[in-house]
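Read through the structure below, which is laid out as structure tokens, and then see the notes.
Every number here is computed from the coordinates shown, using simple stated rules; none is lab data. Predicted, not measured: the structure shown is a model, and the values here were computed from it. Cβ: placed from backbone, ideal geometry, glycine included. Neighbour counts: every protein chain shown.
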Amino acid sequence: MPYYVASFMVRRSTEIGDARSVTPQGVRQSTENAGMKRPSPAVIRSSVLPAMRERRSLLLRYRSLLIVLAIVLTAGVGYAVFYPTLGTRQNLAEEEFQKAWLLYQDRKYDAAIEKFSQALLINPQFHWARRFLAQAYYMSGQTSEAIEELETLARAMPHDMTLRNRLEALNLGEAPQGDGSTEFLRVVPRSQGYRYNRPTFIGTLQSDQMAVLSLGNFEIGNMVSYSAQGDPVENRHRVSGRLNYPMAFAQSDSEIWITDFRDDKIHRLDKNSQRYLSYLFNPAAVGSTGEAELQFRAPAGICHRAGEFIVADSGNNRLQRIDESGKFISTISRPEDSDAMQTPFGLWCDENSIWLTESGAGRVTELDRYGNVVKEFSPPEFKKPRHITWDEDQQLFAIADESSGILFMNTSGLIVRKTTGYSSPAGKFVTFARPYAATFDAFRNLYVADYGSSEVVQFAPASEKFGQLYLQVEKINAAKFPSLGVYVTVSASPYAQGKSALPQYLTELRPEDFKIFENDASVGNLGTQYLGQFDQILQVVIVLSRSRRMGEYETQIPWVLDHLLTRIREKDRYRVMSHGSDVRTESDFIASRLKILQSVKLSLNESNLSDTTIGSMSSALYDGVGELISREGKRAVIYLTDGAAEDDALTPFSKERIVDYARANHIPVHVVSFEHPQLTAVAGAREALQDLAKRTGGKYHRALEIDANIDAQLRGQKEVRYALTYQSFARKQMRGQYVDLRVSARFRERRGLDLSGYFIP
């Protein structure tokens with residue numbers, strides 16, 4: 001209650017109290033002072049007291065009315081005093097806030113920033129405006145400005161955990177490096193319908209899923225898949241034929257290959273696993289029993305790298321390289337003047353090297369890309385090594401040894417630590433019986449497939465066992481109110497492998513893993529399937545450099561683009577933009593291969609070419625990302641360049657801003673460089689373009705060696721956003737009113753929370 005209202009009521013109460021305390025003695029004193037004759041008590045009783053009683057009765061009768069009038073009067077005074085300074089200014093601030101919010105939802109971030117800033121100039125304590133201003137800065141690629149606004153808000157609201165969570169998620173520093181220690185979390189349950197027995201392998205699938213291979217009972221093996229949440233989702237006994245002794249799997253963009261140790265073949269599983277009786281449509285298995293090409297004896301480990309699979313043919317003591325279509329490439333074996341391979345079992349490979357375990361020799365061997373021996377390691381801990389995998393975070397190999405447990409080895413062959421078992425909830429230490437495989441998922445959980453005890457044991461990072469999720473509300477679509485769509489992302493860690501890497505987004509959460517509250521009222525019937533309808537649609541902006549050096553490649557550019565355009569689909573959309581002395585839009589979003597190639601050819605007309613394009617490069621890339629922000633589907637910018645790049649010359653947008661802009665909106669930039677001879681000699685040019693592509697989630701391609709599967713790579717990228725759809729409780733009659741939103745998510749033992757809101761249209 002305002003001070004002047006309280007004082008007014010106290011004063012009136014005092015006056016009423018004074019009237020009640022009038023006594024005959026008081027009357028006597030007043031009459032004596034006036035020089036009057038003192039009245040007798042009888043006169044007082046007969047004249048004065050009745051008047052006092054009447055006055056008192058009137059005051060009591062109208063006391064409530066008088067108090068109400070006093071409150072109304074003082075409220076009016078308060079309104080007159082405070083409304084011009086707070087009410088009017090706050091109304092103006094809210095008007096600017098609503099305009100800014102509409103611009104933000106339309107993805108016009110720069111204009112929204114201006115309006116949010118105007119709202120804060122009117123009322124610097126308008127916390128919702130500052131929260132959205134920080135978000136607009138972030139989405140426009142201005143990360144440092146977003147951090148500054150969030151820090152200001154966090155100082156004003158120190159108990160708001162969502163602000164601290166958001167600041168952590170903006171990668172203020174490098175990932176905290178722990179020692180890799182883990183704690184026992186659980187034995188993955190063998191539930192009804194999803195049982196595994198004698199597990200031989202565990203690995204990651206697409207979309208953060210896990211899968212366990214096991215030999216099962218009665219010589220009927222299986223492959224049990226688990227969601228990112230850890231729940232079983234599928235149990236396969238057949239792929240391209242029955243699984244008997246599945247021993248390992250590896251995957252390309254379109255298929256999963258599974259080795260069958262007993263049947264001497266490689267099963268091929270189409271990743272479109274939702275089709276009814278999908279095993280009838282899978283490609284035929286590869287291989288048979290024997291020693292010739294594409295023949296095996298007890299195939300074990302398998303790995304994949306660009307364009308090929310490599311299989312450990314353990315019974316024949318060799319490796320076989322097979323292309324993704326199933327055609328034989330070559331055999332890898334040791335030179336005749338050296339020791340032969342002794343039961344090669346586990347495999348891990350990348351573009352530059354192959355690492356394999358040899359169970360018969362108790363060693364790990366490093367081979368170069370072509371299969372030549374580089375190094376051998378036989379530490380005393382190796383007894384019977386099985387599968388091997390690489391832990392990118394700790395830069396260590398995890399090797400499952402049947403006798404020694406899980407061994408963690410660096411690239412120099414040094415065993416830095418090992419895990420031999422786990423402490424059960426009852427406090428008893430359980431030693432692994434015969435561990436066959438170990439792997440880390442994207443969230444730093446370690447899984448061990450213990451063949452001997454028929455268990456898959458899950459360990460969680462000691463520092464993250466009960467950590468927080470990083471949830472962000474990016475947009476609220478209220479155009480079809482009361483049907484709403486809330487766009488959110490959820491990541492388990494903001495750091496991944498350091499500040500420059502992309503966050504580890506969770507992409508397989510279910511509707512029941514989310515909760516939304518409108519003005520503290522829980523809403524129901526959440527849906528997460530909306531973005532699924534755009535999963536097969538590709539949205540691409542081709543940004544072309546109009547330099548004179550690019551003009552030299554005019555006849556080769558159509559050949560490069562054909563890797564993309566020959567597989568164009570009806571609902572795909574491509575737009576061509578170019579930059580030289582200025583930035584131009586050469587075409588609309590279209591799905592015509594001929595029109596796209598024609599637009600590229602016209603843009604490279606001699607009259608359009610420039611001697612230098614560095615000055616407009618940043619604007620073209622920034623605009624290219626901006627063109628895709630509001631479009632749904634698999635999105636990407638393809639930058640065709642002669643190879644010119646200079647970080648310090650990028651204006652008006654720095655490379656950091658372009659990278660942050662693309663990352664915030666989940667749009668990778670793929671660089672296709674012709675690497676003109678005059679530019680390959682420029683120090684740092686190629687590295688700058690490679691860094692730009694990598695940090696946005698894209699890839700760097702040499703134009704004349706471009707991957708023939710680039711179209712599949714673009715279509716295979718994950719959709720990291722969720723569109724949470726529901727029916728609002730609010731009514732249309734409340735048009736223009738602001739509704740608070742609180743969105744939460746759960747993943748295993750973690751929780752995430754973010755705050756937002758929307759205006760009822």
Under a Cβ-Cβ cut-off of 14 Å, what is the net charge of the residues other than Gly290 that fall near it, where Lys and Arg count +1 and Asp and Glu count -1?
-> -2
Simple SL model, points at 7 angstrom along Cα→Cβ for Ala479 and Gln342; separation in nm is 6.8 nm
Inter-probe distance in nm under a simple model that places probes 7 Å from Cα toward Cβ, at Glu656 and Gln395 = 2.5 nm
In whole angstrom, and with the biggest value first, how far do the Cα coordinates of the stretch 103-213 range along each principal axis?
-> 68, 33, 26
The stretch 439-453 residues near the modelled Ser403 label - backbone nitrogen below 17 Å, point 7 Å along Cα→Cβ = 452
Loop chymotrypsin sites (Phe, Trp or Tyr not before Pro), the stretch 308-373 (other Cβ atoms within 10 Å of the site Cβ: 14 or fewer; DSSP) | Tyr370
Taking other Cβ within 10 Å of each residue's Cβ, how do Trp559, Trp128 sort, fewest first?
-> Trp559, Trp128
Is the shape of the stretch 182-461 best called rounded, prolate or oblate, per the rule: a/c under 1.5 gives rounded, else a/b larger than b/c gives prolate, else oblate, with a ≥ b ≥ c the square roots of the Cα gyration tensor eigenvalues?
-> oblate
Could you name the lysines in cross-link range of Lys595, using Cα to Cα under 22 Å and dropping any fewer than eight places away on the same chain?
-> Lys571, Lys634
Using 0.36 nm per residue, how much length does the chain from Ser333 to Gln717 gain when fully extended, once their Cα-Cα distance is taken away?
-> 134.7 nm
If the label point is 7 Å along Cα→Cβ of Arg186, which residues in the stretch 507-527 have backbone nitrogen under 19 Å from it?
-> 507-514
How do Asp253, Asp263, Asp611 line up, fewest other C-beta atoms within 10 Å first?
-> Asp611, Asp253, Asp263
Note the full-extension length gain between Phe517 and Glu687 as 0.36 nm times their separation in residues minus their Cα-Cα distance, in nm to one decimal.
-> 56.5 nm
Tell me, what is the percent relative contact order of the stretch 286-342, built from C-alpha pairs under 8 Å that lie six or more residues apart?
-> 22 percent
Column: log10 I(q)/I(0), Debye, Cα scatterers of the stretch 536-715, q = 0.17, 0.19 Å⁻¹ | -1.04, -1.36
The stretch 619-667 and the stretch 438-454 have their Cα centres apart by a whole-number Å value of 39 Å
Run the quick spin-label model on Gln125 and Gln529: label points 7 Å from Cα toward the beta carbon, then report their separation in nm to one decimal.
-> 4.9 nm
Cα-based shape type of the stretch 298-364, given that a ≥ b ≥ c are square roots of the gyration tensor eigenvalues and the cut on a/c is 1.5 = prolate
Counting Lys +1, Arg +1, Asp -1, Glu -1, what net charge surrounds Thr528 among other residues with beta carbon under 12 Å of its beta carbon?
-> -2
When a footprinting reagent is the concern and you count Cβ atoms within 10 Å, what order do His676, His563 take, fewest first?
-> His563, His676
Return the loop-located GluC sites (Glu not before Pro) in the stretch 266-368 (DSSP other than H, G, I, E, B) with at most 14 other Cβ atoms within 10 Å of their own Cβ; answer none if there are none.
-> Glu291, Glu293, Glu336, Glu351
Rounded to whole angstrom, the alpha-carbon centroid of the stretch 319-395 lies from that of the stretch 216-242 at a distance of 27 Å
Stretch Ser581-Phe429 to full length: gain in nm at 0.36 nm per residue minus the Cα-Cα span?
-> 47.7 nm
Just add up the charged neighbours of Arg510: K/R +1, D/E -1, any other residue whose Cβ is under 14 Å from the Cβ of Arg510.
-> -2
Computed FRET efficiency, Cβ-Cβ of Ser117 and Arg751, R0 45 Å: what is it to the nearest 0.05?
-> 0.85
Over the stretch 304-426 - Rg/Rh using Cα atoms and the Kirkwood inverse-distance radius | 1.00
